[in-house]
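A short worksheet on the structure shown next.
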Amino acid sequence: MSNPSGITLALSKGRILEESQPLLDQLDLRPRDGLDDRLLRLPARADGVDLLVIRAADVPPYVEHGAADIGIVGKDVLMEHGGNGLFEPLDLQIAACRLVVAGLPGQDLDALRRRPRIATKYPAIARQHFGRSGRQVEIIKLYGSMELAPLVGLADAIVDLVATGSTLRANGLVEYETIVPVTSRLVVNKAAMKTKHAAVTHWIARFRELVAEAGAAA
């Protein structure tokens, strides 16, 4: 259950958590007793706020089903999740990267075979992307080591998230096309927007102020 007397905020582990620290610090949304990797639910320094530190892919379902009122998660995860039980009021403009199609250099996917094999942990996004241009592909879902798939012949290309592209280059791969730029977003449970309206809108406004200040200073 979400915090009945306050707000529960779901945070994505990893890079998003690291890059959100300056925002969280300014809002007193850091764990009261420090971050403990063994604990997944922690009280924040701000009164009435609990923090859930969970896998990025779990943030949308936790927020959509009311276990958390607010969450911070990448746009890639939101697109793949495709849930309708969320509001997305704010682009936090952190953890910038992009979703791309990549593979071996000098390769034409359309000329390879009737249905090129695409390895990805984003099957819904990949199907939608290729479907928009009328291209039929075979999706192979992987959970990691995506760059290996074209090198060993498992797939003709991959759909993956890249920041600098250094991992692709280190494995001899190149980007074919960009699907969408990705940043981290603030998401809100639709029911909480009504039942906890004052608290939820307070935190949205606080985040929005800091993002605006950061943009003005850039």
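Laid out as a table, the results:
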| read-out | value |
| --- | --- |
| Using θ = phi - 60° and Karplus 6.51 cos²θ - 1.76 cosθ + 1.60, couplings along region 210-218 (whole Hz; Gly, Pro as x) | 5, 5, 5, 5, 5, x, 5, 7, 6 |
| Projected-area mean, the chain, by convex hull of Cα positions, square nanometres | 13.4 |
| Region 1-130 - Rg (one decimal) and Dmax (whole number), Cα, Å | 18.1, 59 |
| Over the chain: helical MRE at 222 nm, DSSP H runs n ≥ 4 each giving -39500 (n - 2.57), nearest 500 | -9500 deg cm²/dmol |
| Inverse mean reciprocal Cα-Cα distance (Kirkwood Rh) of region 1-75, Å | 12.1 |
| Charge dipole of region 97-182 about the Cα centre (unit charges at C-beta), most positive-ward option of Pro105, Ala126, Ala155 | Ala126 |
| 5 angstrom amide H check on Ile139, placed H, neighbours 5+ away | Ile118 |
| Sorted by Cβ density within 10 Å, fewest first, the residues Tyr122, Tyr176, Tyr143 | Tyr143, Tyr176, Tyr122 |
| Karplus-derived 3J(HN,Hα), 6.51/-1.76/1.60, for each residue of region 14-22, Hz, glycine and proline x | x, 4, 4, 4, 4, 6, 8, 4, x |
| Residues with amide H under 5 Å from that of Val73, placed H, sequence gap 5 or more | Arg185, Val187 |
| Length-normalised contact order for region 97-182 - Cα pairs under 8 Å, 6+ apart - percent | 50 |
| Rg over Rh [alpha-carbon atoms, Kirkwood Rh] for region 111-218 | 1.14 |
| 3J(HN,Hα) from dihedral phi, region 52-63, Karplus parametrisation 6.51/-1.76/1.60, rounded to Hz, x for glycine, proline | 10, 10, 9, 4, 4, 5, 8, 4, x, x, 4, 6 |
| Amide H contacts of Ile7 (H built 1.01 Å from N, under 5 Å, at least 5 apart or other chain) | Val49, Asp50 |
| Net charge of neighbours whose Cβ lies under 12 Å from the Cβ of Val211, counting Lys and Arg as +1 and Asp and Glu as -1 | 0 |
| Span from the region 1-61 Cα centroid across to the region 74-91 one, whole angstrom | 18 |
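No lab work stands behind these numbers, since they all come straight from the coordinates. Since the structure is predicted, the reported quantities are computational estimates derived from the model, not experimental observations. Every residue, glycine as well, gets a Cβ built from its backbone with ideal geometry; the counts of neighbours run over all protein chains shown.
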